[in-house]
Amino acid sequence: MFDINVRADALESRGPSKTVASRDPWKQFDKFSASCLIELEAAKEAATIIAGIYCIFAPTELIRAAGAIPVGLCGKQEAPIAAAEQILPSALCPLIKSSYGYAVTNTCPFFDASDVVIGETTCDGKKKMFELMADIKPLHLMHLPYATTSRAALEFWYAEILRLKRFLERLTHQTIQMDELARQINLQNRIRLSFQRLLQVNHPGRNPINGMRMLSVLESKGFVVDPEKYLEDLDALINALDRSPHPDASNGSAKPRILLTGTPLGRGSEKVLQLIEDAGGVVVCMENCTGIKSIFNLVDETDPDPIRALAKRYLKTPCACMTPNTERLEMLSRLVREYQIDGIVDLTWQCCHAYHIESTSVEKLAEQQIGIPFLHIATDYSPSDTGQLGVRIEAFLELLKN
Ligand code: SF4
Ligand code: SF4
């Protein structure tokens, strides 16, 4: 079922247990998705349910407490977009087209491995795409409210999480036990805390690790089969960094420090991140869903109702699909101070209206309230505008050096 070359790479990266001590702690993460495929195959043989997810609103603790494994399916490559455009409008966000293209061509092994898809009604494009995807794979759609602060919104989302619980219980033929849910919440909180600790390596006064290097680690959190083992790998990396800095970090301190915000990205759609760092900047902080947005907030473990605690935590996700989305602006202000940012780059995938419109508020925040330079980039997954974007980014970085 899975690509044999991927499996060979993965075996090399995971290696037998006796080589654990000598493993390069970064290498684990560079090949994480390939390793994940092998582990998923074993899980499927053991009849474990695989649930594909597309968004950080998906409460992974609940999925795990049902005995299923969540795996990230967000499309980050351009290749499947042409097939998607046979059905979807071309004037649609590339992330949605890529995700659907993988589904309709069945060319993503993670989609193939998934027994079911769990989606959410975030933006209009995604929720309508899910209607079509439901013809390809069994799909459970969670309905999201569009506000984060009202009591009614919380009650609505709480009810949706309970509806997901019932769906998962039917799917896996087991009742979700509250003590198992509490254990999964604790485990995911510890992973989030380890990520927070890892990202402190880019705090001022330390030689920063560039965003391209950090990307594989950040992305790996969507491909976790065994969270306990993952936490060990993550902590091994943090401990290695505490002992000695990463070699690429040696002269990073003189570079303009960039905060990258906006829509999610990953390997395959990292064009803007790569251009910033090729032009001499260093992305010390990513606020998007690939980065801090997915790990900054913990689930309250003291809440006597763990389902309500999940509802509260996930509803606070500062996504542009929410209105108002003041939490994002507050977080950006905090991150600019915490990481001593020189300039903000706001990435919007073309046709993503929510992030494109919200960019005006981010620009106002950066230039008028915080007083640092701001650059907005709207692009897609194609390399056709790379030259033009490179020129704009170089000019922006020059501005920061002066
Ligand atoms: S940007 Fe919003 S809709 Fe997209 S993955 Fe993040 S939380 Fe989900
Ligand atoms: S980037 Fe924007 S349009 Fe694309 S899926 Fe996310 S919220 Fe929707």
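Some points to look at:
- Residue within the stretch 84-91 that is away from ligand 2 (no atom under 16 Å from the Cβ) and surrounded by fewer than 21 Cβ atoms within 10 Å (Cβ to Cβ) present: yes
- Scanning the stretch 295-312 for residues that are charged (D, E, K, R) and closer than 11 Å to residue 189 by Cα, we see that the one that is nearest to the chain's Cα centre (by Cα) is 300.
- Where residue 326 falls short, out of the listed (1) among the hydroxyl-bearing types (Ser, Thr, Tyr); (2) more than 16 Å from ligand 1 (Cβ to nearest atom); (3) without any contact (Cβ under 8 Å) to a residue 24 or more places away in the chain: (2)
- Scanning the stretch 149-196 for residues that are assigned to a loop (DSSP other than H, G, I, E, B) and either of a type in the set (A, V, I, L, M, F, W, C) or within 20 Å of the chain's Cα centre (by Cα) (or both) yields a total of 1.
- Residues in the stretch 322-361 that are among the β-branched types (Val, Ile, Thr), under 21 Å from residue 275 (Cα atoms) and within 16 Å of ligand 2 (Cβ to nearest atom): 345, 348.
- Listed by first and then second residue, the pairs linking a residue in the stretch 369-389 that is touching a residue at least 60 places away in the same chain (Cβ under 8 Å) to a residue that is assigned to a strand (DSSP E or B), with Cβ atoms under 6 Å apart and 6 or more places separating them unless they lie on different chains, are 377/347.
- Residue, farthest from residue 184 (Cα to Cα), within the stretch 199-232, restricted to residues that are among the charged types (D, E, K, R) and surrounded by 21 or more Cβ atoms within 10 Å (Cβ to Cβ): 219
- First in the stretch 337-363 and within 16 Å of residue 97 (Cβ to Cβ), second anywhere and of a type in the set (S, T, N, Q) and away from ligand 1 (no atom under 14 Å from the Cβ), Cβ under 7 Å, 6 or more apart: 350/379
- Of all residues in the stretch 113-167, those that are within 16 Å of ligand 2 (Cβ to nearest atom), over 25 Å from residue 223 (Cα atoms) and among the hydroxyl-bearing types (Ser, Thr, Tyr) total 2.
Read the figures in this text as sums done on the coordinates, not as results from a lab. All of these numbers come straight from a predicted model, not from anything done at the bench. Backbone-built Cβ (ideal geometry, glycine too); neighbour counts: all protein chains shown.
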